[in-house]
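Structure first, then comments.
Coordinate-derived values only; no laboratory data. Not measured: the values here are computed from a predicted model. For neighbour counting, all protein chains shown are included, and Cβ atoms are generated from backbone atoms with ideal geometry for every residue, glycine included.
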Amino acid sequence: MINLLPKQWQDKLREEKIFKEVVTLGIIAVAASLVLVLSLWLVLIFYSNDLKYAQIALAGKGQQMAIFNIESAEKEIIFDNSLVSKLDEFYKKQVKITDIFLKAAGSLPEGVTLSSFGYSSGSVSLEGFSPDRDSLVVFKANLEKQSGFKKVTFPPENWLTSKNINFTASFKYEP
């Protein structure tokens with residue numbers, strides 16, 4: 001195909017394309033950094049709770065040895081253990097949003113990028129860019145294959161254009 005645009009326009013279009021790619025890579029890098037920081041923060045919280053539990057248990061044993069009041073120390077330890085068990089059950093029931101994001105990102109075919117990811121009460125919303133409709137169809141099929149992703153929907157306006165599609169999608173997550 002012969003490009004009849006003047007050299008200036010061709011250069012300008014090329015610069016715009018490079019700028020968009022740099023911005024997209026910057027957003028991805030910032031998002032990845034944010035996910036890493038949040039992951040490390042969660043790990044810190046989990047281990048600080050384990051440390052606090054260990055300190056409580058150690059203090060209980062020290063009291064038991066100091067005053068020889070085994071019964072009261074046992075009651076305290078039983079209470080602490082039940083509290084830790086309840087906390088453990090609570091954390092096991094929590095949805096790990098990073099896992100959902102990684103599953104969605106792993107479903108992306110070549111050329112398709114995400115620009116937005118949202119999660120609220122089991123509902124996930126995505127926004128992104130697809131170079132063509134075929135890649136978008138592959139992405140939709142990949143999402144539907146993922147375990148836990150239910151009611152994957154792409155609005156009809158996503159399918160109106162065949163190239164350079166800014167799309168939105170949503171689905172329910174049920175672990």
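Just to check, using Stokes-Einstein with a Kirkwood Rh over alpha carbon pairs, what's the diffusion coefficient of the range 120-175 at 4 °C and 1.567 mPa s in µm²/s?
Working: Rh = 11.6 Å.
Using the Kirkwood radius from Cα pairs, D works out to 112 µm²/s.
With +1 on each Lys and Arg Cβ and -1 on each Asp and Glu Cβ, and nothing else charged, work out how big the dipole of the range 38-124 is about its Cα centre, in Debye to the nearest 20. The partial results should precede the final answer.
On the way: 8 positive and 9 negative charges, 31 e Å.
Using only the charged Cβ atoms, the result is roughly 140 debye.
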TODO: Take the Cα coordinates of the range 7-94, assign each an equal point scatterer, and use the Debye formula without solvent to give log10 I(q)/I(0) at q = 0.11, 0.13, 0.18, 0.22 Å⁻¹.
DONE: -0.57, -0.66, -0.88, -1.04
Open item on the list: Placing one identical point scatterer on every Cα of the chain and ignoring solvent, what is log10 I(q)/I(0) from the Debye formula at q = 0.12, 0.19 Å⁻¹?
Closed with: -0.75, -1.24
TODO: Calculate the dipole size of the range 97-173 relative to its Cα centre from +1 charges on Lys and Arg beta carbons and -1 charges on Asp and Glu beta carbons; express the result in debye to the nearest 20.
DONE: 260 debye
Task: Derived scalar couplings ³J(HN,Hα) [the range 2-19; Karplus, 6.51 cos²θ - 1.76 cosθ + 1.60; whole Hz; x for Gly, Pro] - done: 8, 8, 8, 6, x, 4, 4, 5, 4, 5, 4, 5, 5, 5, 5, 5, 5, 4
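Charges only on Cβ, +1 for Lys and Arg, -1 for Asp and Glu: so what's the dipole of the chain about the Cα centre, in debye to the nearest 20? Spell out each step's value before the answer.
Values: 20 positive and 19 negative charges, 87 e Å.
Using only the charged Cβ atoms, the result is roughly 420 debye.
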TODO: Please give the helix 133-145 orientation as an angle from the longest Cα principal axis of the chain, in degrees from 0 to 90, rounded to the nearest 10.
DONE: 20 degrees
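Return a whole-number percent for the relative contact order of the chain, with Cα pairs under 8 Å and 6 or more residues apart as the contact set. Don't skip to the end; give the middle numbers.
Details: 151 pairs, mean separation 26.3, N = 175.
Dividing the mean separation by the residue count of the chain yields 15 percent.
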